[in-house]
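Comments concern the structure below.
What follows is calculated from the coordinates using simple rules that are stated; it is not laboratory data. All values derive from a computational prediction rather than experimental measurement. FYI the Cβ positions are ideal-geometry reconstructions off the backbone, even for glycines, and counts take in every protein chain you see.
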Amino acid sequence: SALSGQRHRYAYTVGAHKDYEPLPNGKGKGANGSILKIDTEDPALTEAYAFLPHEFVGEQVFCAKVGANVSQRESEDKGYLVTYVEDRRNLTTDMVVFDVEGRGALTRGPVARIRMPTWIPPGLHGTFVEGLSFDLDRASN
């Protein structure tokens, strides 16, 4: 990333749920219920977007907008946050995209929310390679 190792104004992270719904078996946690855009120069301007009490968000990836030079201070937030949200009521997963450019952008909520064809466990990390697929039926035998 153009900002790796450099001083930057914004940091993006997950925040805790104020209230949350445990899983049907009574287990669950209150973490990862919101996304934060932390303003390191003026923490009072930090923004948050909270998901529903039964939704849990994963780590975000920042993707610069086409043509944006995010290494320039005035353009640092010209991009999108992409992450997954797990719905613990229905055991479904959505990919969500937030436009985070400008003050208040995160609080307006996602600009896209796309249901994934399968549930994705929280915290799953992976590498995606074009043309490579995984046969889940064969792997589970």
Next on the checklist: For the stretch 55-134, place one equal point scatterer on every Cα, skip the solvent, and apply the Debye formula. What is log10 of I(q)/I(0) at q = 0.15, 0.17, 0.21 Å⁻¹?
Outcome noted: -0.64, -0.78, -1.02
Checklist outcome for this item: Any residue on another chain or 5+ positions along whose placed amide H is under 5 Å from the amide H of I120 is listed here as T93
Next on the checklist: List residues of the stretch 59-79, by number, whose backbone nitrogen lies under 12 Å from a label position 7 Å along Cα→C-beta of L45.
Outcome noted: 74-77
Checklist entry - Counting only residues 5 or more places away or on other chains, whose amide H sits under 5 Å from the amide H of T46 once H atoms are built in the peptide plane? => result D39
Checklist entry - Applying 1/(1 + (r/R0)^6) with R0 = 22 Å to the Cβ-Cβ distance of R113 and C63, what FRET efficiency is obtained, to the nearest 0.05? => result 0.85
Checklist entry - Residues with amide H under 5 Å of H54's amide H, sequence separation 5 or more or different chain, H placed in the peptide plane at 1.01 Å from N; which? => result E21
Checklist entry - Mind listing the phi-derived Karplus ³J(HN,Hα) values for the stretch 79-87, rounded to whole Hz, using 6.51, -1.76 and 1.60 with θ = phi - 60°, and x for any glycine or proline? => result x, 10, 9, 10, 7, 10, 10, 9, 9
